[in-house]
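To start, the structure under review is shown below, and the notes come after it.
The values are calculated or read from the model by the stated rules, or taken from the named source; none is laboratory data. As the structure is a computational prediction, the values presented were derived from the model and not from experiment. Every residue, glycine as well, gets a Cβ built from its backbone with ideal geometry; the counts of neighbours run over all protein chains shown. In case anyone asks, the SASA skips ligands and DNA or RNA and just uses the protein heavy atoms, side chains included. Shrake-Rupley method; radii C 1.70, N 1.55, O 1.52, S 1.80 Å.
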Amino acid sequence: MALIVQKFGGSSVANAERVMNVARIVTDTYAQGNDVVVVVSAQGDTTDDLIEKAQEINPKATKREMDMLLSAGEQISISLLAMAIEKLGYPVCSLLGWQAGFSTNSVYSAARIKKVNPERIQQEIGRKKIVVVAGFQGLNKYDDITTLGRGGSDTSAVAIAAAMHADRCQIYTDVEGVYTADPRKIKDAVKLSEITYDEMLELATLGAQVLNNRSVEMAKKYNVIVEVLSSLTHAPGTLVKERVKMEKMLVRGVTKDTNVARVSIIGVPNEPGMAYKIFGKLAAENINVDIILQSVGRNDTKDITFTVAADHAEATKDILSKLELTSDLKVEIDAENVAKVSAVGAGMETHPGVAAKMFQALFEADVNIQMISTSEIKISVLIDKKDADDAVAAIHAAFIPEEK
Ligand code: ADP
Ligand code: ASP
Ligand code: MG
């Protein structure tokens, strides 16, 4: 007998028929003699719809109240799934995040899980129940509901698998696994049978929404092997783990991220401490900065350009407007027209020429590069948003087909 954690995303529970389909997958697993903990997301577009409802009333609503609202989506799906499981004649118990023992910090709308105390889950399993847990939510030290950020149910599932030393952690979604690019956009995308935590972490952070990046971070930390697979077919999925068989593929994935804003600060005094002052303030407000470019100082000033998530553009503007570095500092922010396209693969660390091949593909597709950043296993470029899909297709075509 094994303990299996199964997570189902929004599209897998979008309507009554899909909920019954999930109930069948879960009860089949249980009927084979396993203990099963199920994590579910809100149905279909529920979370987006709730955000829209809030916007109609108060676009500046506090994040605390947003979390109170958004957590309701998962409450609906756990109860409906539990009812479907009851209908199939199996014992079941649904639990909200706090009932399932999720403690988080207090960063509303992007809370981090501090601890999962699975006592109640364990009790219910002891009573032979299938346990259905609301993903994406927890409780902070003030006993307030928090949410984990978009796509956070993946992290809930991995956290339970880690806390309970589960034998398997299965993330069911609407595609058959992790592909070399979004299979809905790139017809030739290839399903990967395995991928390393490090590669998956880069892909998830750089726009492949199939797994939330924090879930991968947590899986790596606690060594949870994650299986990504479809709730709609029986095809084998993708295993995310520490080591994978050596593969020839240099590039294992190409991603696009349009949630990007380019920020330029022009006229920064050319003296020590400026980068610290700027980025220290942003870090204090939990704003993640990505590609950073600083011009060589001329005369008494230099320019610093960097990217942040487009959702953080307004907050970044506010913070920078309060920075009194000099009176004639100019800040320009473009949160509308840029996108980041990246190629990821552990093999590129030891193979020269990957960047050159990627830049050639972009040149041949007539795409202009605004900024570049690299790490051992990824190359990212900032480009015009209107070119992003062409760029992904061009890079994918340059690296993937011959590897098939
Ligand atoms: P869920 O509702 O199950 O959490 P998501 O919509 O969050 O599902 O993630 C699944 C989607 O991720 C797929 O429908 C697919 O379009 C998209 N996706 C983007 N990049 C990739 C990739 N490299 N491999 C697989 N899916 C990807
Ligand atoms: N329902 C939440 C969202 O839409 C969490 C999730 O789907 O994982 O982001
Ligand atoms: Mg998701």
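If you go through segment 1-41 and keep only what is of a type in the set (A, V, I, L, M, F, W, C) and outside any helix (DSSP H, G or I), you end up with Met1, Ala2, Leu3, Ile4, Val5, Phe8, Ala14, Val36, Val37, Val38, Val39, Val40. Within segment 1-23, the set of residues being farther than 25 Å from Gln122 by Cβ, more than 16 Å from ligand 2 (Cβ to nearest atom) and either open to solvent by less than 30 Å² (accessible area, probe 1.4 Å) or not small (Gly, Ala, Ser) (or both) comprises Glu17, Met20, Asn21. Within segment 301-324, residues that are under 19 Å from Leu206 (Cβ atoms) reach partners that are of a type in the set (Ser, Thr, Tyr) and part of a helix (DSSP H, G or I) with beta carbons closer than 8 Å, at six or more positions or on different chains, in the pairs Val308/Thr316. Within segment 179-186, is there a residue that is more than 21 Å from Glu74 (Cα to Cα), acidic (Asp, Glu) and within 17 Å of the chain's Cα centre (by Cα)? Yes, segment 179-186 contains a residue that is more than 21 Å from Glu74 (Cα to Cα), acidic (Asp, Glu) and within 17 Å of the chain's Cα centre (by Cα). Looking at the structure I just gave you, is Leu239 closer than 19 Å to Arg150 by Cβ, surrounded by fewer than 23 Cβ atoms within 10 Å (Cβ to Cβ) and of a type in the set (A, V, I, L, M)? No: the conditions fail for Leu239. Exactly one residue out of Ser375, Ser342, Ser380 is closer than 19 Å to Thr205 by Cβ, within 20 Å of the chain's Cα centre (by Cα), open to solvent by 20 Å² or more (accessible area, probe 1.4 Å) and polar (S, T, N, Q), and it is Ser375.
Restricting Leu250, Leu203, Leu211 to residues that are surrounded by 17 or more Cβ atoms within 10 Å (Cβ to Cβ), at pLDDT 95 or above, touching a helix residue (DSSP H, G or I) at 6+ places or on another chain (Cβ under 7 Å) and not charged (D, E, K, R) narrows the list to Leu211.
When Thr29 is tested against (1) open to solvent by less than 20 Å² (accessible area, probe 1.4 Å); (2) of a type in the set (Ser, Thr, Tyr); (3) within 14 Å of ligand 2 (Cβ to nearest atom), exactly one condition is not met: (3). When segment 50-80 is filtered for residues that are closer than 15 Å to Asn15 by Cα and within 16 Å of ligand 1 (Cβ to nearest atom), the ones remaining, listed by number, are Gly73, Glu74, Ile76, Ser77, Ile78, Leu80.
So which residues in segment 132-171 are of a type outside the set (D, E, K, R), within 12 Å of ligand 2 (Cβ to nearest atom), open to solvent by less than 20 Å² (accessible area, probe 1.4 Å) and closer than 17 Å to Gln209 by Cα, if there are any at all?
Gly135, Phe136, Leu148, Gly149, Gly152, Ser153, Thr155, Ser156, Ala157, Val158, Ile171
When Ala111 is tested against the conditions (1) within 16 Å of ligand 1 (Cβ to nearest atom); (2) within 15 Å of the chain's Cα centre (by Cα); (3) closer than 22 Å to Leu50 by Cα, the lone failure is (1).
Tallying residues that are in contact (Cβ under 8 Å) with a residue 40 or more places away in the chain and either outside any strand (DSSP E or B) or farther than 23 Å from Ile25 by Cβ (or both) within segment 118-136 yields 6.
Does Ile266 qualify as being at pLDDT below 95, open to solvent by 40 Å² or more (accessible area, probe 1.4 Å) and farther than 13 Å from Tyr179 by Cα? Considered against the rule, which asks whether it is at pLDDT below 95, open to solvent by 40 Å² or more (accessible area, probe 1.4 Å) and farther than 13 Å from Tyr179 by Cα, Ile266 comes out as yes. Val37 meets each of the listed conditions (1) under 19 Å from Val158 (Cα atoms); (2) within 20 Å of the chain's Cα centre (by Cα) apart from (2). Scanning segment 152-174 for residues that are within 14 Å of ligand 3 (Cβ to nearest atom) and in a helix (DSSP H, G or I) yields a total of 6. Residues of segment 222-274 being free of Cβ contacts under 8 Å to residues at least 40 places away in the same chain and not aliphatic (A, V, I, L, M), which ones? Result: Asn223, His234, Asn270, Glu271, Pro272, Gly273. Can you tell me which of Asp174, Asp198, Asp188 is surrounded by fewer than 21 Cβ atoms within 10 Å (Cβ to Cβ) and away from ligand 1 (no atom under 13 Å from the Cβ)? Just one listed residue meets the conditions, Asp198.
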